[in-house]
Amino acid sequence: MYVTNIPATSSGVFNGPITVSMRPMTMQEAIKATEITTHFKNVHGTPIHIGNPQEIGIDNINKPDFGESVSIYNNEVPVFWGCGVTPQSVALEAKPSLMITHAPGHMFITDVRDSDMSH
């Protein structure tokens, strides 16, 4: 996961840049992933950037701000989605006295079906 130069929508004392996750894909896979995820705007939705990471403020794709780096092969491009770590990284700056959130590998689980999340 990488902290970008894309500003998140502010809410009171909470403001800062969007954090993204990245998956390397071929361009054909990136197009297909975008087509599929366009139906899930109420969750992660479509990628927010495809291609050159420097365009969104990521200077070194091999040094993520959170987690471990991923290999990107010659026929692949980095594909970036908005990440649930954004509130955590913004909270680090706001320093609230208490914040409850998820941890990597320990996501929120619900009984809402994927089909209920489309459009």
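The values are calculated or read from the model by the stated rules, or taken from the named source; none is laboratory data. Everything numeric here is computed off the predicted structure, so don't read it as measured data. Backbone-built Cβ (ideal geometry, glycine too); neighbour counts: all protein chains shown. Just so you know, the surface numbers come from the protein's heavy atoms only, side chains and all, with ligands and any DNA or RNA stripped out. Shrake-Rupley method; radii C 1.70, N 1.55, O 1.52, S 1.80 Å.
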Matching residues in segment 1-58 (more than 15 Å from the chain's Cα centre (by Cα) and at positive phi) number 1
Tally, over segment 49-63, of residues that are open to solvent by 80 Å² or more (accessible area, probe 1.4 Å) and closer than 29 Å to Asp114 by Cβ: 0
Please go through segment 1-19 and pick out each residue that is part of a loop (DSSP other than H, G, I, E, B) and surrounded by fewer than 17 Cβ atoms within 10 Å (Cβ to Cβ). Thr9, Ser10, Gly12, Val13, Asn15
Scan segment 21-38 for residues that are farther than 13 Å from Gly82 by Cβ, touching a residue at least 40 places away in the same chain (Cβ under 8 Å) and open to solvent by less than 80 Å² (accessible area, probe 1.4 Å) and jot them down. Pro24, Met25, Thr26, Ala30, Ala33
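Kindly provide the set of residues from segment 77-112 that are farther than 21 Å from His44 by Cα and either part of a loop (DSSP other than H, G, I, E, B) or open to solvent by 60 Å² or more (accessible area, probe 1.4 Å) (or both), ordered by number.
We begin by selecting, within segment 77-112, every residue farther than 21 Å from His44 by Cα; these are 92-99.
Scanning segment 77-112 gives Leu92, Glu93, Lys95, Pro96, Ser97, Leu98, Met99.
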Residues of segment 66-76 classified as open to solvent by 90 Å² or more (accessible area, probe 1.4 Å) and under 15 Å from the mean Cα position of the chain (by Cα), total: 1
